[in-house]
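K.L.:
Here you go, one structure.
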Amino acid sequence: MRWRLRNFLLPAVLVLLALMWGCREDEDTGICTDCAEISSFTFLSYNNVALSTDVNAVIGSDRVITVHFPANTNLTSLIPNFIHTGKEVLIGNRVQVSGQTICDFSKPVKYMVVALDGSSAEYTVIATKDPSTDNTLTFFGLKKADNPGLPSDITFVINQQKKEIRGSCFRWIDGDPVVGMIPSFETGAVSVSVEGKTVTSGITAISFKEEFTLMVEAETGVKRSYLVKLLSPQVNATLPVLKIDADGPIDSKEVYQTASLQIFGNGIQEGLWSSSENGKKVEIRLRGNSTLGLPKKPYRIKFPDKYSPLGLNHAKEKSWVLLANDADKSLLRNAVAFRASEILLADNARGAGFTAATRFVDIYLDGIYIGNYHLTDQVEVAPGRVAVQSLKASDGSNPVTITGGYLLEIDGFAASEPLHFITHVNNIPVTIKYPKDDNYHPAQVDYVSNLFGREAEGALFAADFADPVKGWRKYFDEKTWVDYFIISEITGNSDAWWSTYIYKFRDDPLFYFGPVWDFDIAFNNDNRLGDARLKLMADAAHQPRQWVNRLREDPGFRKAVKERWNLKKGELRTLVTFVDQAAESISMSQEANFSVWDIREQKLGHAAAPPASHEVAVRQLREYLEVRWNFLDGVFKGW
């Protein structure tokens, strides 16, 4: 019996001794001096804004503490609450205070629990979270810090519903932004790529010349694509770009301002210009009459030498025009009218009549984008333009040279011009455009004003005006007048008779009509006429209409119009196709233009109400041409 009791008590004593040895208490205080353990580890939502509910960790016997968070939890800034024995808890040499100390749990964290006697125990906290389904971008932009050529940061607008990212820059970007720029973005996704290539925020350069697809992949593997587009005429470069840096304000119609010019062809190799390379500056001033008062200004640019910009090799001259087309929300009216002129004037007896050129360009002035412009010819006497003979003051009253060449304009603004006269019969104002007002002889003015304003007009309003020998045909070229008439009608040009160019060669008795010019309020864009789609401009256009109405009284003229229409109407019908092609060519440019100049604002009081969009403007122009062609075809059949 004693033996059995001894065998029972001995193990019990040993266990008790072991317990006493493993957790020694201070004999005076009863406190455990070698205790060093964590008994509770949790993350309370009130203490962590990233959490919506409390998250409790599991403490393993191997001193590994595991904790699992919801997806998208930011593990880099969390505050744990824990209960421990011992003196203190450290991470490295830093004391950790429960419920206060912020810690980064994006990687394993080692906690050292220090007992009162200096001994310690190490715990490892391993945090995990559910795979994120986040495949969205919350920010996308171009920062100047990463792209020094930018004038400032560009923040894009992210449309999550449409999966589109849109940004714009209407200031000049230094360097070569077309090659690529470095975007910055924010996302909870695991990867971002373009065409399978990883894109790292603030590091990877991307070309923004064309819109591109950005692929964002969540941790779960689910992908989301965004269509990214930067609207910048310089970067997109669908048209030639003119960068003009003026030496002072451009605020005069008479006084030129010097400026540096760079022409970027963007596909056009001829007629480029760089003032920084050739050391030559250009001159620029305002131009226009009613359009001069509009917000988007038209300009005249003058090269230091005769030049053909951007492959416009039909003429090599100093002066070129930049039409703003501010009142024309399609931006195409002048181009379409010039195309009609090309169709009709191609087979003139004295060679193809002059039609001003069309080259759409984007312009930056002093580093700021000012819109889409129509680069075209200055209407003037010059080879490749109005190619009449030279006539100067030094030619005097020579009976041979005095017969030409001349360039006149029936001009509602003639009274404001230095050289002008009034016709004898109808008091029609006429400006003498050539010879120039600073290089002419008074005898030349007397000659042309008498021939045109008295003899020619007199023949037109004489009793026998229709006589092919004695009548108006003695003074006027019928072919160009018929062509001008048809162009004025197909375009519905309300200013056709208010502003009409006419020229005369030397040793040629006839006056020729053309070139055509100024169509920004044509094509039913003049509210003073009402709906003019089914109105002849000979009846509805602005005065003076006396000449054209007199012509219509001549059966021979009406017959000539009918025959010419029937010959050319097939080609004229292609103007609808031309509208579509031209609209496509300026698609990107018009978007930028109307981001700067609101298409919904019409500052020219007598222009038609603006359309809601450029697409609507183009559709209205196309539909006008279709209706107009059918209307004229019906009218001329009766002639």
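K.L.:
Of the numbered conditions (1) under 18 Å from Lys143 (Cβ atoms); (2) touching a Ser or Thr at 6+ places or on another chain (Cβ under 8 Å); (3) open to solvent by 60 Å² or more (accessible area, probe 1.4 Å), Val222 fails exactly one; give the number of that condition.
P.N.:
(1)
K.L.:
For segment 77-92, indicate whether the set of residues that are surrounded by fewer than 17 Cβ atoms within 10 Å (Cβ to Cβ) and at pLDDT below 95 is non-empty.
P.N.:
no
K.L.:
A follow-up question, please. Looking at segment 302-323, I want the residues that are of a type in the set (A, V, I, L, M) and have a partner that is surrounded by fewer than 16 Cβ atoms within 10 Å (Cβ to Cβ) with Cβ atoms under 6 Å, at least 6 apart or on another chain. Which pairs are those?
P.N.:
Close Cβ pairs satisfying both conditions: Ala315/Gly384.
K.L.:
Could I ask something else about it? Thr355 fails exactly one of the following numbered conditions: (1) out of contact with any Ser or Thr (no Cβ under 7 Å at 6 or more places or on another chain); (2) over 18 Å from Ile521 (Cα atoms). What is the number of that condition?
P.N.:
(1)
K.L.:
Considering only residues that are among the β-branched types (Val, Ile, Thr) and either open to solvent by 10 Å² or more (accessible area, probe 1.4 Å) or part of a loop (DSSP other than H, G, I, E, B) (or both), look in segment 493-549 and name the one that is nearest to Arg622 (Cα to Cα).
P.N.:
Here the answer is Ile521.
K.L.:
Filter segment 109-152 for residues that are of a type in the set (Lys, Arg) and part of a strand (DSSP E or B); which is least open to solvent (accessible area, probe 1.4 Å)?
P.N.:
Going through the qualifying residues, I end up with Lys129.
K.L.:
Further, regarding this structure: Give me a count of the residues in segment 455-499 that are β-branched (Val, Ile, Thr) and farther than 23 Å from Trp629 by Cα.
P.N.:
The qualifying residues number 1.
K.L.:
So, one more: Hey, among Gly311, Gly293, which residue is out of contact with any Phe, Trp or Tyr (no Cβ under 9 Å at 6 or more places or on another chain), closer than 13 Å to Leu375 by Cβ and open to solvent by 20 Å² or more (accessible area, probe 1.4 Å)?
P.N.:
From the options Gly311, Gly293, the qualifying one is Gly311.
K.L.:
Mind listing whichever residues of segment 53-76 are open to solvent by 50 Å² or more (accessible area, probe 1.4 Å), within 18 Å of Gly188 (Cβ to Cβ) and not hydroxyl-bearing (Ser, Thr, Tyr)?
P.N.:
Residues satisfying the conditions are His68, Pro70, Asn72, Asn74.
K.L.:
It is to be established whether one or more residues within segment 470-482 are open to solvent by less than 10 Å² (accessible area, probe 1.4 Å) and of a type in the set (A, V, I, L, M).
P.N.:
Yes: segment 470-482 contains one or more residues that are open to solvent by less than 10 Å² (accessible area, probe 1.4 Å) and of a type in the set (A, V, I, L, M).
K.L.:
Find all pairs meeting these conditions: Cβ atoms under 9 angstrom apart; at least six residues apart or on different chains; first residue within segment 123-141 and farther than 22 Å from Thr42 by Cα and among the hydroxyl-bearing types (Ser, Thr, Tyr); second residue open to solvent by 20 Å² or more (accessible area, probe 1.4 Å) and not in a loop (DSSP other than H, G, I, E, B).
P.N.:
Thr136/Ile158; Thr136/Thr187; Thr136/Arg224; Thr138/Ile158; Thr138/Phe185; Thr138/Glu186; Thr138/Thr187
K.L.:
Identify, please: which residue in segment 292-337 is in a loop (DSSP other than H, G, I, E, B) and of a type in the set (S, T, N, Q) and is, among those, nearest to Val361 (Cα to Cα)?
P.N.:
Ranking the candidates gives Asn325 first.
K.L.:
Here's another thing I want to ask about it. For Gln269, state whether it is of a type outside the set (Ser, Thr, Tyr), part of a strand (DSSP E or B) and open to solvent by 30 Å² or more (accessible area, probe 1.4 Å).
P.N.:
no
K.L.:
Then there is this: State which residue pairs qualify: first residue aliphatic (A, V, I, L, M) and inside segment 188-200, second residue in a loop (DSSP other than H, G, I, E, B) and open to solvent by 70 Å² or more (accessible area, probe 1.4 Å) in any location, beta carbons under 8 Å apart, and separation of 6 or more residues or different chains.
P.N.:
Filtered contacts from segment 188-200: Ala189/Glu219; Val190/Glu219.
K.L.:
Got a sec? Which of Val430, Val448, Val400 is hydrophobic (A, V, I, L, M, F, W, C) and either open to solvent by 30 Å² or more (accessible area, probe 1.4 Å) or on the phi > 0 side of the Ramachandran plot (or both)?
P.N.:
Val400
K.L.:
Let me ask you something else. Can you say whether Phe413 is under 17 Å from Arg545 (Cα atoms) and open to solvent by 20 Å² or more (accessible area, probe 1.4 Å), as far as the supplied structure shows?
P.N.:
When the stated conditions are applied, Phe413 passes them.
K.L.:
Further question on the same structure: I need the full set of residues from segment 335-384 which are among the polar types (S, T, N, Q), open to solvent by 10 Å² or more (accessible area, probe 1.4 Å) and within 17 Å of Pro298 (Cβ to Cβ), in order please.
P.N.:
Within segment 335-384, Thr358, Gln378 meet the criteria.
K.L.:
Right, next: Within segment 199-223, track down each residue that is among the polar types (S, T, N, Q) and either on the phi > 0 side of the Ramachandran plot or not in a loop (DSSP other than H, G, I, E, B) (or both).
P.N.:
Scanning segment 199-223 gives a single hit, Thr213.
K.L.:
Same structure, new question: Please list, ordered by residue number, the helices (runs of 4 or more DSSP H) wholly in segment 550-604 having 2 or more residues that are surrounded by 13 or more Cβ atoms within 10 Å (Cβ to Cβ) and β-branched (Val, Ile, Thr).
P.N.:
In segment 550-604, 575-585 are the helices (runs of 4 or more DSSP H) which contain 2 or more residues that are surrounded by 13 or more Cβ atoms within 10 Å (Cβ to Cβ) and β-branched (Val, Ile, Thr).
K.L.:
Here is a follow-up. Please go through (1) among the hydroxyl-bearing types (Ser, Thr, Tyr); (2) in contact with a helix residue (DSSP H, G or I) (Cβ under 7 Å, 6 or more places away or on another chain); (3) closer than 30 Å to Glu591 by Cβ for Tyr447 and return the number of the only condition it doesn't satisfy.
P.N.:
It fails just one condition, (3).
The values are calculated or read from the model by the stated rules, or taken from the named source; none is laboratory data. This structure is a prediction, so every number in the text was calculated from the model and none was measured. Virtual Cβ from ideal backbone geometry, glycine too; neighbours counted across all protein chains shown. Surface accessibility is based on the protein's heavy atoms, side chains included, excluding ligands, DNA and RNA. Shrake-Rupley method; radii C 1.70, N 1.55, O 1.52, S 1.80 Å.
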